[in-house]
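What follows is calculated from the coordinates using simple rules that are stated; it is not laboratory data. Values in this document were obtained by computation on a predicted structure and should not be read as measured data. Positions of Cβ are backbone-derived with ideal geometry, glycine not excepted, and every protein chain shown enters the neighbour counts.
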Amino acid sequence: MNRRSSALAQRIEEGAQALADYARGLSEIEWRTRILPDGRTAGVIIHHVASMYPIEIQLASELAAGNPIVGVTWDAVAEINAKHAREFAAVGKEAAFDLLRGNSRAAADAVRALTDEQLDRAAPVSLNGDAPLTAQFFIEDHALRHSWHHLAKIKAALRTVEVR
């Protein structure tokens, strides 16, 4: 097993677990609290993180194969997020946790399968102005960081609104 890919995969799992552990303690009011800046609820955001793992890993796999990421823009990401928020506005905790557990595990398994050579491959990424990014950077900036990013936002928002 590759040490680098294993370490990345472990950090993906740790982030998903940290998000799930915190979210399990949320009351129903907290679960439905809108988180700024976009107003998605905490529950929708947790489900969003879970639902994005397959996309993030598919894009990282493209980079690992040496292929550019084309046509992915922040506007497209915003559209995906808005559509997801509408479709899963009433998502329950167990559905979100099940998806988070399954998709984070699948993402970690996919990352564990990557070689150092694949992690080091770089290609243009449209989401980042066509900068030639490595697969490892993309994994770290998306699949790995995503849960930690939203966990921090949810914690900060719930402290601000004092619903705890």
Could you tell me how many degrees, from 0 to 90 and to the nearest 10, lie between the Cα long axis of helix 145-161 and the main elongation axis, the longest principal axis, of the Cα atoms of the chain?
20 degrees
Which angle between 0 and 90 degrees, to the nearest 10, do you get for helix 42-64 versus the longest principal axis of the chain when only C-alpha atoms count?
0 degrees
I'd like the orientation of helix 3-24 relative to the chain: the angle between its Cα long axis and the longest Cα principal axis, in ° from 0 to 90, rounded to 10.
10 degrees
Restricting to Cα pairs under 8 Å and 6 or more apart, the percent relative contact order of the chain works out to 40 percent
Loop-resident GluC sites (Glu not before Pro) in region 87-164 with no more than 13 other Cβ atoms inside 10 Å, DSSP not H/G/I/E/B, are 162
What residue among 127, 119, 59 has the largest mean-square fluctuation in a Gaussian network model of the chain, using Cα springs under 10 Å?
127
Provide, for q = 0.11, 0.16 Å⁻¹, the log10 of I(q)/I(0) from a solvent-free Debye sum over equal Cα point scatterers in the chain.
-0.45, -0.90
When the scattering of region 1-83 is computed by the Debye formula from its Cα atoms alone, each counted once and equally, what is log10 I(q)/I(0) at q = 0.12, 0.21, 0.26 Å⁻¹?
-0.49, -1.12, -1.28
